[in-house]
Amino acid sequence: APTPEPTEIPTSEPTPDSDAQYFLSEDGEQYELDFENGHWWYKNRVLSIDIVRVSTQYQENAPLVYYAADIRMREYSSYRSGVHSDSSQPWRFVRIDHAVFGITGDNLDRSDTGWKGIIIRSGVPYATHGTQDSLAVCDDMTLRIIHGAETPLRALHDSGIRDVYSFGPTLIENGAVRENLQHHVSYPNPRCGIGMVVPGHWVVIITDGRQIGYSHSISLEFFAQLFLDRGCVMAYNLDGGASTGMCIMGEAINQ
């Protein structure tokens with residue numbers, strides 16, 4: 001029998017990193033704050049943030065200004081939560097925390113936790129019951145919806161979840177806008193919310209409102225569509241209204 005020819009072993013090619021353009025290839029950081037043109041960005045080796053200001057129409061003769069931030073992370077350590085008194089302005093607590101980027105959350109107020117769901121900050125539980133959906137930040141950089149109190153606090157702790165927010169409602173789940181977006185703030189309002197495109201790629205949208213001639217408030221349905229249009233498979237509404245704030249590098253962005 002003839003001696004078989006040796007089979008050539010193919011050389012494996014490294015998988016290209018489709019997100020490499022968003023990050024620096026070495027240590028350090030770069031950023032630009034362009035308030036005039038409404039574009040702010042920051043990047044280092046493991047964190048990338050890109051924010052745009054969008055001027056559009058909510059309804060006929062109803063202008064809308066909103067801010068959309070694409071957040072990309074390579075490491076869970078890029079995220080952290082903070083707890084501050086309600087008298088603190090957003091830009092102030094962002095500076096205290098030395099945060100590159102920050103938004104207001106779910107208004108952690110012990111007096112109104114009865115209508116909320118589970119609330120945890122850095123492993124400390126503030127509310128453990130209630131019927132409202134909650135938003136869990138997982139250590140694989142996914143955002144997960146917890147329906148009511150379906151998941152016991154111990155199970156969350158054992159799974160490594162350290163931060164859970166609760167305001168609601170859930171805007172998008174499994175790639176579709178939720179039906180009947182009812183909430184005690186269903187009326188048009190300045191909004192703050194967060195969504196996920198894929199694990200490690202989050203989208204934050206904040207809308208200005210209550211300012212006739214500049215930016216009107218919007219409905220939850222319109223808000224949900226903004227996240228869907230940016231590719232989010234899930235999105236969750238956080239506390240809005242007059243306290244709504246988005247900051248980068250210690251400076252407030254929205255009005």
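The values are calculated or read from the model by the stated rules, or taken from the named source; none is laboratory data. Keep in mind that this is a model prediction, so the values were computed, not measured. No Cβ is skipped: glycine too gets one built from the backbone with ideal geometry, and neighbour counts run over all protein chains shown. All accessible areas refer to the heavy atoms of the entire protein, side chains included, with ligands and DNA or RNA removed. Shrake-Rupley method; radii C 1.70, N 1.55, O 1.52, S 1.80 Å.
Hey, if we sort Leu64, Leu33, Leu24 by accessible area with the 1.4 Å probe, largest down, what's the order?
Greatest to least solvent exposure: Leu33, Leu24, Leu64.
Rg over Rh for region 190-237 works out to 1.03, both radii taken from alpha-carbon positions and Rh defined as the Kirkwood radius. Across region 232-245, coupling constants 3J(HN,Hα) worked out from phi with the 6.51/-1.76/1.60 Karplus curve, θ = phi - 60°, read 6, 9, 8, 7, 9, 8, 9, 5, x, x, 5, 7, 4, x Hz, and Gly and Pro carry x.
Descending by average beta-carbon neighbour count within 10 Å, the peptides 115-123, 88-96 line up as 115-123, 88-96, the highest first.
Karplus-derived 3J(HN,Hα) values for region 50-63, using 6.51 cos²θ - 1.76 cosθ + 1.60 with θ = phi - 60°, are 9, 10, 10, 9, 10, 10, 8, 10, 8, 9, 4, 6, 10, x Hz; glycine and proline are entered as x. Within the full protein context, the accessible area of Asp158 is estimated at about 110 Å² for a probe radius of 1.4 Å.
Considering only DSSP states other than H, G, I, E and B, which GluC sites (Glu not before Pro) in region 131-230 qualify as loop sites with at most 15 other Cβ atoms within 10 Å?
Glu150, Glu179
The H on the amide N of Tyr58, modeled in the peptide plane, is under 5 Å from the matching H of Leu64, each at least 5 residues off or on a different chain.
Any idea how far the Cα center of region 177-255 sits from the one of region 38-92, in Å? Comparing the Cα centres of region 177-255 and region 38-92, I get a distance of 10 Å.
Region 181-251: which trypsin sites (Lys or Arg not before Pro) are DSSP loop and have at most 16 other beta-carbon atoms within 10 angstrom? Can you show the working numbers first?
Working: sites: Arg191, Arg210, Arg230; in loops: Arg191, Arg210, Arg230.
Qualifying residues, ordered by number: Arg210, Arg230.
In the chain, Cα pairs under 8 Å separated by at least six residues give a relative contact order of 20 percent. Taking region 120-148 and a reference point 7 angstrom along Cα→Cβ of Ser77, the backbone N atoms nearer than 16 Å belong to 139-141. Under the simplified labelling scheme, the Ala1-Ser88 pair shows an inter-label distance of 7.5 nm, with each label point 7 Å from Cα along Cα→Cβ.
Maximal additional length on extending the His157-Asn174 stretch stands at 3.7 nm, based on 0.36 nm per residue less the C-alpha distance. Computed from backbone phi, the HN-Hα couplings of region 153-170 come to 4, 4, 5, 5, 4, 5, 7, x, 6, 10, 9, 9, 10, 9, 9, x, x, 5 Hz, rounded to whole numbers (Karplus: 6.51 cos²θ - 1.76 cosθ + 1.60, θ = phi - 60°; Gly and Pro given as x). Here the accessible area of region 76-176 is 49 percent carbon and sulfur, with a 1.4 angstrom probe and all protein chains present.
For the pair Gln21 and Gln57, label points projected 7 Å from Cα toward Cβ lie 3.2 nm apart.
Between Glu32 and Ile9, what FRET efficiency follows from the Cβ-Cβ distance if R0 is 45 Å, with the result rounded to 0.05? It comes out at approximately 0.45.
Taking the Cβ of Tyr76 as the center, what net charge do the other residues with Cβ under 14 Å away carry, scoring Lys and Arg +1 and Asp and Glu -1? Write out the running numbers ahead of the final one.
Details: positive: Arg72, Arg74, Arg80, Arg144, Arg162; negative: Glu75, Asp139, Asp140, Asp163.
So the environment of Tyr76 carries a net charge of +1.
Evaluate the Debye formula for region 11-161 with equal point scatterers sitting on the alpha carbons, no solvent, and hand back log10 of I(q)/I(0) at q = 0.10, 0.12, 0.13, 0.17 Å⁻¹, in q order, two decimals. Debye output, listed in q order: -0.51, -0.73, -0.83, -1.19. The residues of region 100-255 have, on average, 40 Å² of accessible surface per residue, using a 1.4 Å probe with all protein chains present.
Report note on the peptides 232-238, 134-140: ranked by the mean count of other C-beta atoms within 10 Å, highest first, their order is 232-238, 134-140.
Where the convex hull is taken over the Cα atoms of the chain, what is its projected area averaged over directions, in nm²?
On the way: hull surface 79.9 nm².
Dividing the Cα hull surface by four gives the mean projection, 20.0 nm².
In a solvent-free Debye calculation with one equal scatterer on each Cα, what is log10 I(q)/I(0) for region 26-81 at q = 0.17, 0.19 Å⁻¹, listed in the order of the q values? Rounded to two decimals, the profile gives -0.66, -0.75.
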